[in-house]
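Worksheet: the structure to be examined is printed underneath.
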Amino acid sequence: MRKIKVLIVDDSVMFADMVSKGVSADPALEVVGVASNPFEARDMILRYKPDVMTLDIEMPRMDGIEFTRRLMPQYPIPIVMVSSLSDKVFDAMNAGAVDFIAKPVNMTKDEIFSYIQRDLCTKIKIASTVEVGKKKRVEPKSVTPSDDIKKQDVVVALGASTGGTEALADVIMGFRNDIPGTIVTQHMPPGFTKMYADRLDNQCAVSVKEAETGDVLKPGHVFIAPGDKHLKLVKSGEHYKIECKMGAKVSGHCPSVDFMFSHVAKVAGKNCVAALLTGMGKDGADGLLEIRRAGGRTIGQDEKSCVVYGMPKVAYDIGAVEYQLPLHSIAHKIYSILGSM
């Protein structure tokens with residue numbers, strides 16, 4: 001199999017060189033060019049036709065977000081953003097980037113090299129499988145709030161990975177303040193989850209926050225697992241509460257969708273509606289099956305609307321998915337199910 005051609009775009013010569021060496025050390029990847037700004041990158045894209053581009057957000061003359069916006073309509077290419085701790089990364093995802101990675105901080109050269117090989121190279125390989133530009137955004141179906149939806153004993157649980165920041169936003173923006181208490185696990189680095197939650201909180205009708213131990217689930221509130229902790233659902237009297245705990249990776253991740261779904265199945269049982277959205281791998285599939293076997297209702301995002309049809313596919317293949325739907329229909333379906341519970 002031919003190597004995946006990678007273009008690196010970063011205005012820091014030293015960091016770009018480290019990325020180039022780390023990526024080149026992977027036998028499946030080939031660095032075809034290193035550009036210090038979007039204008040050099042544009043010329044290299046035309047010359048080398050890379051399969052994937054890594055792109056810094058903060059650059060002189062034109063930042064990575066604007067470059068992504070201009071590039072996508074004319075030359076759609078899978079982009080992995082390399083970002084310092086900033087919510088600008090979510091603007092880049094909205095502009096069409098496939099995934100992002102945090103710029104390493106307070107690491108030795110050896111640690112940075114390992115980080116690039118372990119995390120960035122993995123994301124590049126995943127990005128290379130995405131057919132950028134063929135996924136057309138569809139407006140979510142409108143949801144009509146119902147007076148009898150406010151249920152204290154029902155939990156809504158959502159899980160996602162690659163492509164999930166935009167997919168989850170589509171679903172959550174379809175929620176009204178009568179949605180039952182909702183918990184979310186999205187594979188994301190520490191620090192970014194709080195910014196993502198705050199961003200959604202400003203855009204949505206519901207309240208969204210990064211989850212903390214002791215948070216009580218209640219209608220109209222959405223809680224997102226911290227980037228370095230598992231989210232566990234527990235029952236306290238008549239209420240559901242959240243525990244956030246550090247721990248070993250489950251299904252390759254912390255936070256893990258499987259971890260969250262498994263505890264939802266045990267604690268909420270049939271009083272749950274869960275949806276597994278876009279993402280590479282299989283995290284969440286086994287947990288979704290546990291929820292379905294416990295009597296809960298389950299939804300999987302369909303292939304056509306996924307950025308990466310990995311996690312929902314595995315869930316569908318093992319019989320964990322009750323309804324397989326396009327992204328724009330999921331919020332509407334959750335309300336439909338809640339109305340019949």
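Bear in mind that the values in this text are calculations on the coordinates, not laboratory data. Remember, predicted model here, so these are calculated numbers, not experimental data. Neighbour counts are summed over all protein chains in view; Cβ atoms, including those assigned to glycine, are modelled from backbone coordinates with ideal geometry.
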Long-range HN-HN contacts of Tyr240 with modeled amide H, under 5 Å
Leu217
Between the range 1-60 and the range 269-334, what is the separation of their alpha carbon centroids in Å?
35
If packing is taken as the average count of other Cβ atoms within 10 Å, what order do 335-341, 61-67 fall into, highest mean first?
61-67, 335-341
Using only Cα atoms, tell me the angle between helix 192-203 and the longest principal axis of the chain; keep it within 0 to 90° and round to the nearest 10.
60
R0 of 35 Å, Cβ-Cβ distance Lys3-Asp153: FRET efficiency to nearest 0.05
0.05
With axes computed from alpha carbons, what is the tilt in degrees of helix 13-24 against the longest principal axis of the chain, rounded to the nearest 10 within 0 to 90?
70
Listed here are the pairs Lys21/Lys49; Lys232/Lys270; Lys125/Lys333; which of them are more than 29 Å apart at the Cα?
Lys125/Lys333
Computed from every Cα-Cα pair in the chain, P(r) in 10 Å bins starting at 0 and rounded to whole percents is 6, 27, 34, 21, 10, 2, 0
The Kirkwood hydrodynamic radius of the range 155-340, taken as the inverse of the mean 1/r over all distinct Cα pairs, in Å, comes to 15.6
Between helix 38-48 and the chain, what is the angle of the helix's C-alpha long axis to the longest principal axis, kept within 0 to 90° and rounded to the nearest 10?
80
